[in-house]
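The values are calculated or read from the model by the stated rules, or taken from the named source; none is laboratory data. What you see is a predicted model, and the numbers here were worked out from it, not measured in a lab. Note: ideal-geometry Cβ built from the backbone for every residue, glycine included; neighbour counts use all protein chains shown. These accessible areas exclude ligands, DNA and RNA; they are computed on the full protein's heavy atoms, side chains included. Shrake-Rupley method; radii C 1.70, N 1.55, O 1.52, S 1.80 Å.
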Amino acid sequence: METELLRETNVTAIPAGTESVLAAGTPVYVTQTLGGNVTVRVDSGLFRIAKEDADAVKDLSLEESDSAHEGEFSEEMVWEAMKRCFDPEIPVNIVDLGLVYDMRVEELDTGKKAIFVKMTLTAQGCGMGPVIADDAKANILQIEEVESAEVEIVWDPVWNPQMISPAGRSILGIE
């Protein structure tokens, strides 16, 4: 979708992960709107606009993600929260991409939970790692029973396309 920015907007360059600003009126082509964030292409490259600034994109309507969690806490809630996190270049969530290697829940003295996640990226040189990890952490922290979350990026084992789930393969048209 071709459109423009309504106001000056903070963006993150893809895949470098560096932050910059695009001016109001900048023509953009929206390439992805998954997880509430927006990926846009401009003459100078690809950029991620965080969900907090998505309203800067003219004529963009995003589906509201359901962050409410009903019922008693479960590990499945954490997995579902991480499924609302996407690589800005790939239309598959980080769980179905096979990027999440481990998730552990600890019971705290407060009765709340601490969540520990180990994840990787599709490429070691990707500067978007901290951004993606922060998205995962923010989604996990939306669960009422969660007091803290830690998302660590690891490189062992090295990610490969065989780690993509059947659902992810279907979205990508693999097999």
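Only a single criterion out of (1) more than 30 Å from residue 111 (Cα to Cα); (2) open to solvent by 70 Å² or more (accessible area, probe 1.4 Å); (3) not small (Gly, Ala, Ser) is not satisfied by residue 76, namely (1).
Looking at 158, 154, 105, which one is out of contact with any Lys or Arg (no Cβ under 9 Å at 6 or more places or on another chain) and over 22 Å from residue 51 (Cα atoms)? Walk me through how you get there before you give the answer.
Working: 154 fails: out of contact with any Lys or Arg (no Cβ under 9 Å at 6 or more places or on another chain); 105 fails: out of contact with any Lys or Arg (no Cβ under 9 Å at 6 or more places or on another chain).
Just one listed residue meets the conditions, 158.
Suppose the filter is among the acidic types (Asp, Glu) and either open to solvent by less than 50 Å² (accessible area, probe 1.4 Å) or touching a Leu at 6+ places or on another chain (Cβ under 8 Å) (or both); does residue 156 pass it? No: the conditions fail for residue 156.
To keep it simple, each residue is scored yes or no on (1) in contact (Cβ under 8 Å) with a residue 40 or more places away in the chain; (2) crowded, with 21+ Cβ neighbours inside 10 Å; (3) not hydrophobic (A, V, I, L, M, F, W, C).
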| site | (1), (2), (3) |
| --- | --- |
| 39 | yes, yes, yes |
| 44 | no, no, yes |
| 53 | yes, no, yes |
| 57 | yes, yes, no |
| 62 | no, no, no |
| 102 | no, no, yes |
| 106 | no, no, yes |
| 111 | no, no, yes |
| 119 | no, yes, no |
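Restricting attention to segment 105-116, does a residue exist that is of a type in the set (Ser, Thr, Tyr) and out of contact with any Leu (no Cβ under 8 Å at 6 or more places or on another chain)? Yes, some residue in segment 105-116 is of a type in the set (Ser, Thr, Tyr) and out of contact with any Leu (no Cβ under 8 Å at 6 or more places or on another chain).
Go through the residues of segment 160-172 one by one and say whether even a single one is in contact with a helix residue (DSSP H, G or I) (Cβ under 8 Å, 6 or more places away or on another chain), open to solvent by less than 40 Å² (accessible area, probe 1.4 Å), closer than 21 Å to residue 17 by Cα and at pLDDT 95 or above. So far as segment 160-172 goes, no, none of its residues is in contact with a helix residue (DSSP H, G or I) (Cβ under 8 Å, 6 or more places away or on another chain), open to solvent by less than 40 Å² (accessible area, probe 1.4 Å), closer than 21 Å to residue 17 by Cα and at pLDDT 95 or above.
Inspect all residues belonging to segment 126-135 and state whether any of them is modelled with pLDDT under 95, buried (at least 16 other Cβ atoms within 10 Å of the Cβ) and farther than 18 Å from residue 36 by Cα. Scanning segment 126-135, I find at least one residue that is modelled with pLDDT under 95, buried (at least 16 other Cβ atoms within 10 Å of the Cβ) and farther than 18 Å from residue 36 by Cα, so the answer is yes. Pairs linking a residue in segment 149-175 that is hydroxyl-bearing (Ser, Thr, Tyr) to a residue that is surrounded by 15 or more Cβ atoms within 10 Å (Cβ to Cβ), with Cβ atoms under 7 Å and 6 or more positions apart or on different chains, are 165/96; 165/98.
Inside segment 26-49, residues that are part of a loop (DSSP other than H, G, I, E, B) and in contact with a strand residue (DSSP E or B) (Cβ under 7 Å, 6 or more places away or on another chain) make up a count of 2.
Quick check on residue 82: is it within 27 Å of residue 155 (Cβ to Cβ) and open to solvent by less than 60 Å² (accessible area, probe 1.4 Å)? Talk me through it step by step, then tell me what you get.
Details: within 27 Å of residue 155 (Cβ to Cβ): yes; open to solvent by less than 60 Å² (accessible area, probe 1.4 Å): yes.
When the stated conditions are applied, residue 82 passes them.
Among the residues making up segment 115-131, those that are over 16 Å from residue 93 (Cα atoms) and of a type in the set (Gly, Ala, Ser) are 125, 127. Yes or no: residue 125 in contact (Cβ under 8 Å) with a residue 60 or more places away in the chain, small (Gly, Ala, Ser) and on the phi > 0 side of the Ramachandran plot? In short, no.
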